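Everything below concerns the one structure shown next.
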Amino acid sequence: SQWANASRILPPGSGPEPGRWDDAKVPFTREIMDRLSTSDPCQVVALMKGTQVAGTELGLNWIGYAIEHDPSGFMLVVPDFGFARKYSRKRVQPMIDTCPALRAVVSQPRSHGGGNTMFLKEFRGGSLTIASANSAAALSSEPCRRVMLDEVDRFPPDVDEEGSPVKLANARTSNFWNRKLFLVSTPKSREDSLIERAYLEGDMRR
(Lines give C-alpha, C1' and ligand atoms only; values in the text may rest on other atoms or scores of the structure.)
Protein backbone atom coordinates (compact mmCIF):
# COMPACT_ATOMS: atom_id res chain seq x y z
CA SER A 1 0.00 0.00 0.00
CA GLN A 2 2.91 2.37 0.67
CA TRP A 3 4.25 1.78 -2.83
CA ALA A 4 0.83 2.41 -4.39
CA ASN A 5 0.32 5.69 -2.56
CA ALA A 6 3.81 6.88 -3.47
CA SER A 7 4.16 5.64 -7.05
CA ARG A 8 0.94 4.48 -8.72
CA ILE A 9 -0.75 6.82 -11.16
CA LEU A 10 -4.09 5.76 -12.62
CA PRO A 11 -4.04 6.64 -16.34
CA PRO A 12 -6.96 8.40 -18.04
CA GLY A 13 -9.67 5.91 -18.94
CA SER A 14 -8.85 3.52 -16.11
CA GLY A 15 -11.73 4.66 -13.92
CA PRO A 16 -13.77 7.63 -12.72
CA GLU A 17 -10.82 9.27 -10.93
CA PRO A 18 -7.54 9.10 -12.87
CA GLY A 19 -4.43 10.43 -11.20
CA ARG A 20 -2.44 9.47 -8.13
CA TRP A 21 -3.59 6.38 -6.23
CA ASP A 22 -4.97 7.25 -2.80
CA ASP A 23 -6.07 4.30 -0.71
CA ALA A 24 -8.00 6.64 1.58
CA LYS A 25 -10.65 6.53 -1.18
CA VAL A 26 -10.73 2.71 -1.05
CA PRO A 27 -9.51 1.93 2.50
CA PHE A 28 -10.51 -1.74 2.32
CA THR A 29 -7.73 -2.31 -0.23
CA ARG A 30 -4.94 -1.38 2.21
CA GLU A 31 -4.81 -4.61 4.20
CA ILE A 32 -5.19 -6.74 1.09
CA MET A 33 -2.20 -5.05 -0.54
CA ASP A 34 -0.13 -5.36 2.63
CA ARG A 35 -0.89 -9.10 2.84
CA LEU A 36 0.54 -9.36 -0.68
CA SER A 37 3.78 -7.63 0.30
CA THR A 38 7.04 -9.55 0.55
CA SER A 39 7.27 -9.01 4.31
CA ASP A 40 3.90 -10.67 5.05
CA PRO A 41 4.00 -14.47 5.58
CA CYS A 42 0.59 -15.07 3.98
CA GLN A 43 0.95 -17.17 0.83
CA VAL A 44 -2.61 -17.19 -0.57
CA VAL A 45 -5.02 -14.25 -0.69
CA ALA A 46 -8.56 -14.75 -2.02
CA LEU A 47 -10.73 -11.69 -2.65
CA MET A 48 -14.43 -12.36 -3.28
CA LYS A 49 -15.89 -9.00 -4.24
CA GLY A 50 -18.64 -7.02 -5.88
CA THR A 51 -18.24 -5.45 -9.30
CA GLN A 52 -16.07 -2.38 -9.91
CA VAL A 53 -14.57 -2.15 -6.42
CA ALA A 54 -10.85 -1.81 -7.30
CA GLY A 55 -9.96 -5.51 -7.20
CA THR A 56 -8.04 -5.43 -10.47
CA GLU A 57 -6.35 -2.14 -9.61
CA LEU A 58 -5.01 -3.38 -6.29
CA GLY A 59 -3.68 -6.44 -8.13
CA LEU A 60 -1.91 -4.11 -10.55
CA ASN A 61 -0.49 -2.26 -7.56
CA TRP A 62 0.94 -5.57 -6.37
CA ILE A 63 2.52 -6.15 -9.77
CA GLY A 64 4.07 -2.67 -9.80
CA TYR A 65 5.40 -3.04 -6.26
CA ALA A 66 6.96 -6.42 -7.08
CA ILE A 67 8.59 -5.14 -10.28
CA GLU A 68 10.28 -2.25 -8.51
CA HIS A 69 11.09 -3.65 -5.06
CA ASP A 70 11.26 -7.45 -5.24
CA PRO A 71 11.50 -8.62 -8.88
CA SER A 72 10.93 -12.27 -9.71
CA GLY A 73 8.87 -14.43 -12.04
CA PHE A 74 5.23 -13.26 -12.08
CA MET A 75 2.24 -14.75 -13.90
CA LEU A 76 -1.06 -12.96 -14.45
CA VAL A 77 -3.85 -15.32 -15.50
CA VAL A 78 -7.11 -14.07 -17.02
CA PRO A 79 -10.14 -15.95 -18.44
CA ASP A 80 -9.29 -16.08 -22.14
CA PHE A 81 -7.01 -14.88 -24.93
CA GLY A 82 -9.11 -11.82 -25.81
CA PHE A 83 -9.21 -10.81 -22.14
CA ALA A 84 -5.41 -11.17 -22.01
CA ARG A 85 -4.90 -8.88 -25.02
CA LYS A 86 -7.21 -6.25 -23.57
CA TYR A 87 -5.64 -6.54 -20.11
CA SER A 88 -2.16 -6.00 -21.54
CA ARG A 89 -3.12 -3.01 -23.72
CA LYS A 90 -5.61 -1.32 -21.38
CA ARG A 91 -4.21 -2.12 -17.93
CA VAL A 92 -0.64 -3.34 -17.71
CA GLN A 93 1.16 -1.23 -20.34
CA PRO A 94 -0.60 2.03 -19.32
CA MET A 95 0.44 1.39 -15.70
CA ILE A 96 4.06 1.04 -16.82
CA ASP A 97 3.86 4.10 -19.08
CA THR A 98 2.48 6.39 -16.35
CA CYS A 99 4.83 5.25 -13.56
CA PRO A 100 8.42 6.58 -13.88
CA ALA A 101 9.78 3.95 -11.47
CA LEU A 102 8.42 1.15 -13.68
CA ARG A 103 9.41 2.77 -16.99
CA ALA A 104 12.97 2.84 -15.70
CA VAL A 105 13.20 -0.95 -15.22
CA VAL A 106 10.75 -2.53 -17.70
CA SER A 107 11.99 -3.22 -21.23
CA GLN A 108 10.63 -0.84 -23.84
CA PRO A 109 8.02 -2.18 -26.32
CA ARG A 110 9.33 -3.43 -29.64
CA SER A 111 7.41 -4.37 -32.74
CA HIS A 112 9.19 -7.75 -33.13
CA GLY A 113 10.64 -9.84 -30.32
CA GLY A 114 12.45 -8.11 -27.50
CA GLY A 115 11.58 -8.02 -23.84
CA ASN A 116 8.25 -6.20 -23.94
CA THR A 117 5.53 -7.88 -25.98
CA MET A 118 1.77 -8.22 -25.63
CA PHE A 119 2.04 -11.17 -23.24
CA LEU A 120 5.55 -10.81 -21.78
CA LYS A 121 7.00 -7.86 -19.89
CA GLU A 122 10.64 -8.31 -18.92
CA PHE A 123 12.31 -6.23 -16.23
CA ARG A 124 15.49 -6.30 -14.21
CA GLY A 125 15.42 -9.48 -12.14
CA GLY A 126 12.27 -11.04 -13.53
CA SER A 127 9.36 -10.98 -15.95
CA LEU A 128 5.57 -10.75 -16.07
CA THR A 129 3.75 -13.33 -18.19
CA ILE A 130 0.11 -12.65 -19.10
CA ALA A 131 -1.59 -16.00 -19.69
CA SER A 132 -5.01 -17.26 -20.73
CA ALA A 133 -6.81 -19.68 -18.41
CA ASN A 134 -7.90 -21.75 -21.41
CA SER A 135 -4.34 -22.59 -22.50
CA ALA A 136 -2.63 -25.40 -20.60
CA ALA A 137 0.62 -24.67 -22.42
CA ALA A 138 0.67 -21.08 -21.14
CA LEU A 139 -0.14 -22.19 -17.60
CA SER A 140 2.53 -24.88 -17.59
CA SER A 141 5.45 -22.67 -18.56
CA GLU A 142 8.43 -21.74 -16.40
CA PRO A 143 8.23 -21.57 -12.58
CA CYS A 144 7.20 -18.26 -11.05
CA ARG A 145 7.05 -16.98 -7.50
CA ARG A 146 3.89 -14.92 -7.80
CA VAL A 147 0.60 -15.63 -9.55
CA MET A 148 -2.45 -13.40 -9.86
CA LEU A 149 -5.66 -15.02 -11.12
CA ASP A 150 -8.22 -12.37 -12.08
CA GLU A 151 -11.93 -13.15 -12.50
CA VAL A 152 -11.43 -16.82 -11.61
CA ASP A 153 -15.17 -17.52 -11.71
CA ARG A 154 -14.97 -17.02 -15.48
CA PHE A 155 -12.25 -19.68 -15.81
CA PRO A 156 -13.10 -23.01 -17.47
CA PRO A 157 -13.37 -25.91 -14.99
CA ASP A 158 -10.84 -27.93 -16.99
CA VAL A 159 -8.27 -26.88 -19.56
CA ASP A 160 -7.05 -29.25 -22.30
CA GLU A 161 -7.98 -32.22 -20.08
CA GLU A 162 -5.15 -31.30 -17.70
CA GLY A 163 -7.28 -30.11 -14.79
CA SER A 164 -8.28 -26.82 -13.24
CA PRO A 165 -6.41 -23.74 -14.52
CA VAL A 166 -6.12 -22.59 -10.90
CA LYS A 167 -4.28 -25.78 -9.96
CA LEU A 168 -2.06 -25.59 -13.05
CA ALA A 169 -1.08 -22.00 -12.27
CA ASN A 170 -0.60 -22.77 -8.58
CA ALA A 171 1.81 -25.56 -9.50
CA ARG A 172 4.14 -22.94 -11.03
CA THR A 173 4.79 -21.60 -7.51
CA SER A 174 5.33 -24.91 -5.70
CA ASN A 175 9.14 -24.68 -5.53
CA PHE A 176 9.16 -21.29 -3.78
CA TRP A 177 9.01 -21.00 0.01
CA ASN A 178 8.04 -17.32 -0.36
CA ARG A 179 5.39 -17.79 -3.03
CA LYS A 180 2.28 -15.60 -3.30
CA LEU A 181 -1.02 -16.49 -4.94
CA PHE A 182 -3.78 -13.90 -5.38
CA LEU A 183 -7.26 -14.99 -6.51
CA VAL A 184 -9.79 -12.26 -7.19
CA SER A 185 -13.28 -12.43 -8.68
CA THR A 186 -16.86 -11.41 -8.54
CA PRO A 187 -18.69 -14.68 -7.72
CA LYS A 188 -21.05 -16.28 -10.19
CA SER A 189 -23.13 -19.36 -9.34
CA ARG A 190 -22.67 -20.71 -5.82
CA GLU A 191 -22.63 -24.32 -7.00
CA ASP A 192 -19.32 -23.98 -8.85
CA SER A 193 -17.77 -20.73 -7.61
CA LEU A 194 -13.98 -21.02 -7.46
CA ILE A 195 -13.60 -17.74 -5.60
CA GLU A 196 -16.10 -18.69 -2.90
CA ARG A 197 -14.31 -22.01 -2.41
CA ALA A 198 -10.97 -20.20 -2.03
CA TYR A 199 -12.51 -17.62 0.31
CA LEU A 200 -13.98 -20.33 2.56
CA GLU A 201 -10.55 -21.98 2.81
CA GLY A 202 -9.13 -18.82 4.36
CA ASP A 203 -9.98 -16.94 7.56
CA MET A 204 -12.98 -15.32 5.85
CA ARG A 205 -12.26 -11.81 7.04
CA ARG A 206 -14.34 -8.97 5.61
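The values are calculated or read from the model by the stated rules, or taken from the named source; none is laboratory data. This is a predicted model, so every value here is computed, not measured. Every residue, glycine as well, gets a Cβ built from its backbone with ideal geometry; the counts of neighbours run over all protein chains shown. Ligands, DNA and RNA are excluded from the accessible area calculation, which covers all protein heavy atoms including side chains. Shrake-Rupley method; radii C 1.70, N 1.55, O 1.52, S 1.80 Å.
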Segment 12-101 shape via C-alpha gyration tensor axes, a/c threshold 1.5: rounded
Using a basic spin-label model with each label point 7 Å from the Cα along Cα→Cβ, how many nm lie between L120 and T51? 3.6 nm
Percent RCO, i.e. relative contact order, over segment 3-78, from Cα pairs under 8 Å lying at least 6 residues apart: 25 percent
In Å², and per residue, what accessible area does the chain have when probed at 1.4 Å with the other protein chains present? 51 Å²
Under the rule rounded for a/c under 1.5, else prolate if a/b exceeds b/c, else oblate, using alpha carbon gyration tensor axes a ≥ b ≥ c, the chain is classed as rounded
Report the trypsin sites (Lys or Arg not before Pro) located in segment 168-205 that are in a DSSP loop and have at most 15 other Cβ atoms inside 10 Å of their Cβ, or state none. K188, R205
For the chain, percent of DSSP beta bridges that are antiparallel (nearest 5) comes out at 30 percent
Cα-based radius of gyration of segment 50-150 once divided by 2.2 N^0.38 Å, which approximates compact folds: 1.00
Taking a ≥ b ≥ c as the square roots of the Cα gyration tensor eigenvalues, with a/c under 1.5 meaning rounded and otherwise prolate when a/b beats b/c, else oblate, which class fits segment 140-185? oblate
With runs of 4+ DSSP H residues as the only contributors, calculate the mean residue ellipticity of the chain at 222 nm using -39,500 (n - 2.57) per run, divided by the residue total and rounded to the nearest 500. -7500 deg cm²/dmol
What ranking do 146-158, 16-28 get when scored by the average of other Cβ atoms within 10 Å per residue, highest first? 146-158, 16-28
Quick one: how many lysine pairs does the chain have with C-alpha atoms less than 16 Å apart and a gap of 8 or more or different chains? Give me the count, please. 4
